[in-house]
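Everything on this sheet refers to the single structure shown next.
The values are calculated or read from the model by the stated rules, or taken from the named source; none is laboratory data. Note that this is a predicted model, so its numbers are computed, not measured. Positions of Cβ are backbone-derived with ideal geometry, glycine not excepted, and every protein chain shown enters the neighbour counts.
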Amino acid sequence: MRSRAGNRAIGPLRVPPPGALNGRFCLPDRRVAYFADSPETAGYEAFGRREQVLLSLDRLRRGELLCAGVAGELQLLDMTPHATDFPGLQATRFGPTQALAARAAAAGYDGIAYLSAQRHAGVCYALFEHVLPAIRARWRQRLIEPESGNLHRVVAAVASGSGLPLA
């Protein structure tokens with residue numbers, strides 16, 4: 001999806017300012033960018049969330065899907081095996097997960113891997129600001145083709161899988 005007003009570019013990314021604290025692993029003093037293991041997981045996380053009642057064609061027309069990569073290895077705190085024991089990892093109460101992110105950052109991790117709260121078995125990644133300049137765009141694709149109005153296959157999959165109407 002395209003970024004919100006006030007987001008600053010770091011390479012190919014538009015990232016909210018530090019202290020926004022509007023995401024599961026946001027930090028008060030540095031930026032955090034969110035990624036997913038597949039285009040479908042990214043779609044559910046970005047525009048097919050459980051609390052949605054429809055998929056906004058207006059929002060989708062402004063959006064794009066970014067496939068990105070990073071050279072080298074990242075040191076991630078892997079929380080994926082712990083989703084069953086710590087359901088708070090997927091709760092909408094972000095205080096505990098933001099505190100976990102602060103501890104992970106202080107311990108030298110580059111980010112956190114966690115299970116998607118929106119797509120079963122999908123894996124998401126919250127990467128901390130110091131690694132964001134190393135992220136490179138591999139490709140970008142529009143969610144709705146401007147000339148034809150055709151939906152990207154991810155939009156069609158999320159609409160079908162979530163049962164959300166397009167409006």
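Scan segment 79-101 residue by residue and report those that are under 16 Å from VAL32 (Cβ atoms) and not aromatic (Phe, Trp, Tyr).
Result: MET79, LEU89, GLY95, PRO96, THR97, GLN98, ALA99, LEU100, ALA101.
Quick one: is VAL155 among the hydrophobic types (A, V, I, L, M, F, W, C), out of contact with any Pro (no Cβ under 7 Å at 6 or more places or on another chain) and farther than 30 Å from PHE86 by Cβ?
yes
Per-residue answers, yes or no, for (1) modelled with pLDDT under 95; (2) under 18 Å from the mean Cα position of the chain (by Cα); (3) within 22 Å of SER38 (Cα to Cα); (4) of a type in the set (Asp, Glu):
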position	(1), (2), (3), (4)
ARG62	yes, yes, yes, no
GLY72	yes, no, yes, no
LEU77	no, yes, yes, no
ARG103	no, no, no, no
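Report, by residue number, each residue of segment 139-166 that is among the aliphatic types (A, V, I, L, M) and either buried (at least 16 other Cβ atoms within 10 Å of the Cβ) or farther than 12 Å from LEU57 by Cβ (or both).
LEU143, ILE144, LEU151, VAL154, VAL155, ALA156, ALA157, VAL158, ALA159, LEU164
Specify the residue that is nearest to LEU74 (Cα to Cα); the eligible residues are those in segment 84-130 that are free of Cβ contacts under 8 Å to residues at least 12 places away in the same chain and among the polar types (S, T, N, Q).
In this case the residue turns out to be THR84.
Somewhere in segment 25-41, is a residue farther than 18 Å from HIS130 by Cα, at pLDDT below 95 and not polar (S, T, N, Q)?
no
So which of ALA113, ALA121 is crowded, with 17+ Cβ neighbours inside 10 Å, modelled with pLDDT of 90 or more and outside any helix (DSSP H, G or I)?
ALA113 is the lone residue from the list that is crowded, with 17+ Cβ neighbours inside 10 Å, modelled with pLDDT of 90 or more and outside any helix (DSSP H, G or I).
Restrict the check to segment 124-133 and report whether at least one residue is in contact with a Pro (Cβ under 6 Å, 6 or more places away or on another chain), surrounded by fewer than 15 Cβ atoms within 10 Å (Cβ to Cβ) and either at negative phi or among the charged types (D, E, K, R) (or both). Show your work before the answer.
Here is the first cut: in segment 124-133, the residues in contact with a Pro (Cβ under 6 Å, 6 or more places away or on another chain) are none.
The answer is no; no qualifying residue exists.
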